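Asks: One structure, as structure tokens, below. Some questions next.
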């Protein structure tokens, strides 16, 4: 079955505790193998791991520990030498990754019939990495929506069941128009698997219609068919599909193709995040701000809604760097960035680190009075901030310039106006919010 060679490490958001990625049960009588897996999953990926070395321990754990997101299962355990534990795990509704020393085609068939999520053989040094990768993949699949489009109920159900074993959020459609409606209502869908023959439109036409609204870097399409026409795959790909599979398919091959497409989306997402993120604070960067800002402003102005823009600057930052060093300066930038993110996350406003000690906030739906109140709250929160050093704490303040956005101009002009007001805030004593309402 599928394993990813590029395991994506889960990094904690700056200033917060690492987020637990999932609860993993390791059922393995080899203490060395179990301990290595646990260390990898807990240390590198922030999973909560429970270990069982026997059938009795498994029963005790299931009586007291609640639900698990994934289980790694050895088929031969003290008290359960014939794979009985696997049946118990599946009965509990826990996705199972089998890790076994003995493997043959007959065992493969039995594992697939039981509905295991994945299997790996203990036959090389990289086997544990493969198991860890499978666990992370299943944990990640929980947030991924997949749409199956097929007018034959039995074929659609078979494929949907296979996807549910892999912990995807699965949606089903029997027609092309129904598929388009589901895509509109469920924007988190990242993969469409569509048959060719359907009553209202064929798979080519559905693929073309999807591509009008969904680019390949956001949504992937896999065509599937039992047709003997070997040109079908080329036609699907030309219509905009990313992959094609002929029925009857090998389950492992289909899973590989599905996961390769999901992984490609994840990699593209990481590239977007990297391109639009500030490396030090994790905040959106200047590129993101100038990419998103103009359209947001244009939309608000077209609807007659207010908006304003603020420039924030850390007071005496050069002196702080000269006194304590750039490492402490970086810690101050991170602390201010974390405060800004906590205040603005979920607000609908755009915010970014523009560079150096400068930050900006585009406040959508707020006039200057409302923007000034929000900036004043942020100023007070940062004023109360203390950055710990080895033998002392240092305090931080910011100055803020706030400008109203009243008409259509170049986006840089809005920022320049806020920058001029920021200059006045510094001129009149720093640690204050200065808006154009104070000019009169």
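The values are calculated or read from the model by the stated rules, or taken from the named source; none is laboratory data. Predicted, not measured: the structure shown is a model, and the values here were computed from it. So basically every Cβ, Gly included, is an ideal-geometry build from the backbone, and we count neighbours across all protein chains shown.
Asks: Quick check on residue 328: is it at negative phi, touching a residue at least 40 places away in the same chain (Cβ under 8 Å), assigned by TED's automatic domain parsing to the domain that holds residue 350 and surrounded by fewer than 20 Cβ atoms within 10 Å (Cβ to Cβ)? Walk me through how you get there before you give the answer.
Replies: Values: at negative phi: yes; touching a residue at least 40 places away in the same chain (Cβ under 8 Å): yes; assigned by TED's automatic domain parsing to the domain that holds residue 350: yes; surrounded by fewer than 20 Cβ atoms within 10 Å (Cβ to Cβ): yes.
The answer is yes for residue 328.
Asks: Among the listed residues 96, 80, 71, identify the single one that is more than 16 Å from residue 34 (Cα to Cα) and crowded, with 18+ Cβ neighbours inside 10 Å. Please lay out each step first, then the result.
Replies: Working: 96 fails: more than 16 Å from residue 34 (Cα to Cα); 71 fails: more than 16 Å from residue 34 (Cα to Cα).
None of the others qualify; the one that does is 80.
Asks: Related question: Given the criterion assigned to a loop (DSSP other than H, G, I, E, B), over 21 Å from the mean Cα position of the chain (by Cα), at pLDDT 95 or above and not assigned by TED's automatic domain parsing to the domain that holds residue 114, identify the matching residue among 241, 179.
Replies: Numbers: 179 fails: assigned to a loop (DSSP other than H, G, I, E, B).
On inspection, the qualifying residue turns out to be 241.
Asks: Could you identify the single residue in 347, 395, 360 that is at pLDDT below 95, under 20 Å from residue 281 (Cβ atoms) and under 33 Å from the mean Cα position of the chain (by Cα)? Show your work before the answer.
Replies: Working: 395 fails: under 33 Å from the mean Cα position of the chain (by Cα); 360 fails: at pLDDT below 95.
Every option except 347 fails the conditions.
Asks: Next question. Those residues that are free of Cβ contacts under 8 Å to residues at least 60 places away in the same chain and touching a strand residue (DSSP E or B) at 6+ places or on another chain (Cβ under 9 Å), I need them from region 346-369; list them, please. Give the steps one after another, and end with the answer.
Replies: We begin by selecting, within region 346-369, every residue free of Cβ contacts under 8 Å to residues at least 60 places away in the same chain; these are 346-349, 356-358, 361, 363.
Hits for region 346-369 are 347, 348, 349, 356, 357, 358, 361, 363.
Asks: Got a sec? Which of 151, 87, 102 is outside any strand (DSSP E or B) and assigned by TED's automatic domain parsing to the domain that holds residue 264?
Replies: Of the residues listed, the single one that is outside any strand (DSSP E or B) and assigned by TED's automatic domain parsing to the domain that holds residue 264 is 151.
Asks: Listed residues 370, 365, 401, 407; which is on the phi > 0 side of the Ramachandran plot and assigned by TED's automatic domain parsing to the domain that holds residue 339?
Replies: Details: 370 fails: on the phi > 0 side of the Ramachandran plot; 401 fails: on the phi > 0 side of the Ramachandran plot; 407 fails: on the phi > 0 side of the Ramachandran plot.
It is 365.
Asks: Further, regarding this structure: Name the residues in region 216-225 that are free of Cβ contacts under 8 Å to residues at least 40 places away in the same chain and surrounded by fewer than 18 Cβ atoms within 10 Å (Cβ to Cβ), would you?
Replies: Within region 216-225, 216 is the sole residue that qualifies.
Asks: In region 50-77, which residue that is part of a loop (DSSP other than H, G, I, E, B) and closer than 21 Å to residue 128 by Cβ is modelled with the lowest pLDDT? Can you show your working first?
Replies: So in region 50-77, the residues part of a loop (DSSP other than H, G, I, E, B) come out as 53-54, 65-69, 74-76.
Now narrow it down to the ones that are closer than 21 Å to residue 128 by Cβ: 53-54, 68-69, 74-76.
Working: 53: 94, 54: 93, 68: 94, 69: 94, 74: 95, 75: 93, 76: 89.
Filtering region 50-77 for residues that are part of a loop (DSSP other than H, G, I, E, B) and closer than 21 Å to residue 128 by Cβ, the one modelled with the lowest pLDDT comes out as 76.
Asks: Under 9 Å by Cβ, and 6 or more places apart or on different chains, what pairs join a residue from region 305-319 that is not assigned by TED's automatic domain parsing to the domain that holds residue 421 with one that is part of a loop (DSSP other than H, G, I, E, B)?
Replies: none
Asks: Residues of region 307-325 being buried (at least 19 other Cβ atoms within 10 Å of the Cβ) and in a helix (DSSP H, G or I), which ones?
Replies: 320
Asks: Continuing with the same structure: Do we find a residue being out of contact with any strand residue (DSSP E or B) (no Cβ under 7 Å at 6 or more places or on another chain), at negative phi and crowded, with 19+ Cβ neighbours inside 10 Å anywhere in region 229-248?
Replies: Kept after step one, since they are out of contact with any strand residue (DSSP E or B) (no Cβ under 7 Å at 6 or more places or on another chain), are these residues of region 229-248: 229-231, 234-235, 238-239, 248.
Now narrow it down to the ones that are at negative phi: 229-231, 234-235, 238-239, 248.
From the residues that got through so far, the ones that are crowded, with 19+ Cβ neighbours inside 10 Å too are 239.
Yes, the conditions are met somewhere in region 229-248.
Asks: Mind telling me which of the residues 424, 374 ends up being surrounded by 13 or more Cβ atoms within 10 Å (Cβ to Cβ) and within 34 Å of the chain's Cα centre (by Cα)?
Replies: Working: 424 fails: within 34 Å of the chain's Cα centre (by Cα).
The match here is 374.
Asks: Applying the selection to region 182-200, what residues are surrounded by fewer than 17 Cβ atoms within 10 Å (Cβ to Cβ) and part of a loop (DSSP other than H, G, I, E, B)?
Replies: The answer is 186, 187, 188, 197, 199, 200.
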